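*Asks:* Could you have a look at this structure, given as structure tokens, before my questions?
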Amino acid sequence: MTTHRSTTARPRRVLVLADTDSRWKWGFLTAQQLFPGGSHSGLLLDSVGLPSERQLGDTGVDVRPEVTGTVPDFVELDELDDVDALVLALPGGAVQAVLHGLARRWPKASRRPLVISGYVGVVYEKHAEGLLLRSGSDVILANSRTDAEEFRRLLAGSNADPSVVLETVLPFLGEPDSALAHEGPFTLTFAAQPGVPGSRADRELVLRRLIRHARLHPEREVLLKVRGKVGERTTHVENYPYQQLAARLGVQRPDNLTIVHGNMGEVLARTDLLVTVSSTAAVEAMHRGIPTAILTDFGIKERLGNHYFIGSGCLAGFSELDNGELPVADADWTSAHGLGRSTAVDDARAALAARLTEQVRPPLRPFYTMETASGMLPQLLGRYDLDGHGHALEADDSALLDLQSAMRSLVSRAARTAYRQGVDTVAPALRRLARL
């Protein structure tokens, strides 16, 4: 395999590998942010639910990624020999799989790409789990000072290298305090999430409260910003799309309540109050100086992700918003969480530029190996068509794993269906009987 590179001065070539529209957006904008003047391109891992052209268009990224195959296909691409930096815009398990594949491809010190991983949005759960799956990357990006400190502490405590953590900021935030007066009425935007809140009852409550707010404030425009059209794949599964629930709710929607989709930045440009449970749109709004409400109507819980915003000064219930509350984020909290003005990006650019001057890099060392994680690694890597040592699975092994995965998926869907039936039908019936 050829690993020689031209010594002629050329723009740094940065390749992004992603699997969904939101991760593509983060990955490509991160590449542009950290390697200005570079040559940026991207690949999408082939999967059952590739993002649609419309979803890719809504990211606001003009460049379209090409579709590659599986992880084994990707790690064998000849073009990787000419890449200076590789940005892995993937979930933790996929990052670990790619690291193992690349470690097998370059088992010794070589002129390989600088491998960078990170997080698409705020990190509010699975701190250790997600971080250690990314451990082994040359660089792990943290989106704030708070995250960087926590990541370094966790890596050091796990006997991993904490120096790989590099503080930066989310690349799609734009200029801080950039909220400008816009034409038209005062606009409240609810930023929906595919899985939060998750139950049908809770999501119907959101709709009813938005309808109520629109009726209480006919002078306002109320927008329900959804992630995509029904049936499109999103980063997280959406079992009860708001569009479908609204059609079945049996309540007349006020004329000043509209369901919209599209680029979040463009929607924020016309927003005077951003409301959400825990969407990353909240940090975008806070960064721009837009009043932001983190809903407490469903409680403050780790599984909802709204606990991340404790201390921000933006926790509020729908009733408070109905009464005119306009929460504004605390300046100290926003600074600690990577929002507002910061030198982090300049510092990160300088650090990465220095790293790119290295002629030879040591072999990649994924955190998990067959020596330390023999119980989990084969199954984890098997989902990405690799064996426990980073080699491509044989066809027979892949077929067996596909069958096992299909069976797990079937059982999981059946369990979810039974659970929903119990929650939506059986439980209400039992409660009605109990009241008789």
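The values are calculated or read from the model by the stated rules, or taken from the named source; none is laboratory data. These numbers were taken from a predicted model, which means no experiment stands behind them. Cβ coordinates were reconstructed from backbone atoms using ideal geometry, including for glycine residues, and neighbour counts include every protein chain displayed. Note: areas computed on protein heavy atoms with side chains; ligands, DNA, RNA excluded. Shrake-Rupley method; radii C 1.70, N 1.55, O 1.52, S 1.80 Å.
*Asks:* Please list MET370, MET286 from largest to smallest accessible area, probe radius 1.4 Å, with all protein chains kept in place. Let's see the in-between values first.
*Replies:* Details: MET370 55, MET286 15 Å².
Ranked from most to least accessible, the order is MET370, MET286.
*Asks:* Go ahead and run the numbers for FRET between LEU205 and ARG383, Cβ-Cβ distance against an R0 of 35 Å, rounding to 0.05.
*Replies:* Efficiency computed from Cβ-Cβ geometry: 0.50.
*Asks:* Separate question: Given points 7 Å out from each Cα along the Cα-Cβ axis, report the GLU302 to ASP332 separation in nanometres with one decimal.
*Replies:* About 2.5 nm separates the two model spin labels.
*Asks:* Ranked from the most accessible area to the least, with a 1.4 Å probe and all protein chains present, what is the order of ARG355, ARG270?
*Replies:* ARG270, ARG355
*Asks:* Let me ask something additional. Among rounded, prolate and oblate, which fits the stretch 29-110 when a ≥ b ≥ c are the square roots of the eigenvalues of its C-alpha gyration tensor, a/c under 1.5 means rounded, and a/b larger than b/c means prolate?
*Replies:* Values: a/c = 2.06, a/b = 1.32, b/c = 1.55.
Oblate, because a/c is 1.5 or more while a/b does not exceed b/c.
*Asks:* Give me the one-decimal nm value for the distance between modelled label points at ARG270 and GLU129, 7 Å along each residue's Cα-to-Cβ direction.
*Replies:* According to this spin-label approximation, the distance is 3.9 nm.
*Asks:* List the GluC sites (Glu not before Pro) within the stretch 228-336 that DSSP assigns to loop and that have no more than 11 neighbouring Cβ atoms inside 10 Å.
*Replies:* For GluC sites (Glu not before Pro) across the stretch 228-336 that sit outside H, G, I, E and B with at most 11 neighbouring Cβ atoms in 10 Å, the list reads GLU302.
*Asks:* If you take the beta carbon distance between VAL251 and ARG145 as r and set R0 to 41 Å, what does 1/(1 + (r/R0)^6) give as a FRET efficiency, to the nearest 0.05?
*Replies:* 0.35
*Asks:* Additional query: When the convex hull of the Cα atoms of the stretch 108-196 is projected onto a plane and the area is averaged over all directions, what value comes out in nm²?
*Replies:* Mean shadow area of the hull around the Cα atoms is 9.2 nm².
*Asks:* Can you list the residues, at least 5 places off or on another chain, whose amide H is less than 5 Å from the amide H of SER110, using H built in the peptide plane?
*Replies:* ARG361
*Asks:* Can you list the residues, at least 5 places off or on another chain, whose amide H is less than 5 Å from the amide H of LEU315, using H built in the peptide plane?
*Replies:* When sequence neighbours closer than 5 places are left aside, the close amide H contacts are ILE294.
*Asks:* Pull up the cross-link candidates among the aspartates and glutamates for LYS301, meaning alpha carbon to alpha carbon under 13 Å and not fewer than 8 places away within one chain.
*Replies:* The reachable aspartates and glutamates, counting only those whose Cα sits under 13 Å from LYS301, are GLU125.
*Asks:* To the nearest 10 square angstrom, what accessible area does ARG383 show with a 1.4 Å probe?
*Replies:* Accessible surface of ARG383 is approximately 150 Å².
*Asks:* Pop a pseudo-label 7 angstrom from the Cα along the beta-carbon direction at both GLN243 and THR357 and give the gap in nm to one decimal.
*Replies:* Reported label-point gap for GLN243 and THR357 is 5.2 nm.
*Asks:* Using only the Cα atoms of the stretch 223-373, build the gyration tensor, take square roots of its eigenvalues as a ≥ b ≥ c, and label the shape rounded, prolate or oblate: rounded if a/c is under 1.5, else prolate if a/b is larger than b/c, else oblate.
*Replies:* Verdict is prolate for the stretch 223-373.
*Asks:* What are the ³J(HN,Hα) couplings of the stretch 240-249, residue after residue, when phi is run through the Karplus curve with 6.51, -1.76, 1.60 and θ = phi - 60°? Round to Hz, x for glycine and proline.
*Replies:* Working through the residues one at a time gives 10, x, 4, 4, 5, 5, 4, 5, 9, 5 Hz.
*Asks:* For LYS126, give me every one of the aspartates and glutamates with a C-alpha distance below 14 angstrom, ignoring sequence neighbours fewer than eight places off in its own chain.
*Replies:* Once the sequence-local aspartates and glutamates are set aside, what remains near LYS126 is ASP147, GLU150, GLU302.
*Asks:* Let me ask something else. Is the stretch 7-151 best put as rounded, prolate or oblate by its Cα gyration tensor, with a ≥ b ≥ c the root eigenvalues, rounded for a/c under 1.5, and otherwise prolate when a/b is larger than b/c, oblate when not?
*Replies:* Because its axes are fairly even, with a/c under 1.5, the stretch 7-151 counts as rounded.
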